[in-house]
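A.B. asks: Quick one: structure below, then a few questions.
The values are calculated or read from the model by the stated rules, or taken from the named source; none is laboratory data. These figures come from a predicted structure and were not determined experimentally. Neighbour counts are summed over all protein chains in view; Cβ atoms, including those assigned to glycine, are modelled from backbone coordinates with ideal geometry. The protein model used for the area step is the full one, side chains on, heavy atoms only, and it has no ligands, DNA or RNA in it. Shrake-Rupley method; radii C 1.70, N 1.55, O 1.52, S 1.80 Å.
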Amino acid sequence: MGKGNNSSFNCEDWLSGMLEALAERVSELVMQKMVGKEDIQAAAQTDASPSDIDFLSKKEVMEKFGVSASTLWHWSKAGYLVPAKLGNKVLYRKTDIEDVLRRKRQR
């Protein structure tokens, strides 16, 4: 009797599917980070700071939504409002904030 021949569960197929899904998710996250850095770098090439053009600081977003830093962290992990990072700066795209506000109004 061979190993796993009687089972309908195929570990190799499952693992292959999981690795494919993981690779796809990593690719999505890398693209999100790259887009954020491109936006910040383009804004940084102007005379104004990035937060004055297309971004809000973490503090500004906390005040706008009336939430804590830990709520923003949870939102980021859930994909609800993901920041763009430049070094140790955490910035939020104004377009992303507008999208969140629009979703809140639609409820």
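A.B. asks: Of the residues that make up region 36-45, is at least one modelled with pLDDT under 80, among the hydrophobic types (A, V, I, L, M, F, W, C) and open to solvent by 90 Å² or more (accessible area, probe 1.4 Å)? Let's see the steps before the verdict.
C.D. replies: So in region 36-45, the residues modelled with pLDDT under 80 come out as 36-45.
Filter once more, so that each one left must be among the hydrophobic types (A, V, I, L, M, F, W, C): 40, 42-44.
Of the ones still in play, those that are also open to solvent by 90 Å² or more (accessible area, probe 1.4 Å) are none.
Within region 36-45, not a single residue is modelled with pLDDT under 80, among the hydrophobic types (A, V, I, L, M, F, W, C) and open to solvent by 90 Å² or more (accessible area, probe 1.4 Å).
A.B. asks: Just give me the residues in region 66-90 being modelled with pLDDT of 90 or more and surrounded by 16 or more Cβ atoms within 10 Å (Cβ to Cβ), in sequence order.
C.D. replies: Scanning region 66-90 gives L72, W75, L81, V82, P83.
A.B. asks: Being farther than 25 Å from R25 by Cβ and aliphatic (A, V, I, L, M) is the filter here; which residues of region 70-107 pass it?
C.D. replies: L101, the sole residue that qualifies.
A.B. asks: Among all residue pairs at least 6 apart or on different chains, which show Cβ distances below 6 Å where the first residue, located in region 88-107, is closer than 14 Å to K59 by Cβ and the second is charged (D, E, K, R) and open to solvent by 60 Å² or more (accessible area, probe 1.4 Å)?
C.D. replies: Going by the 6 Å Cβ cut-off, the qualifying pairs are V90/K58.
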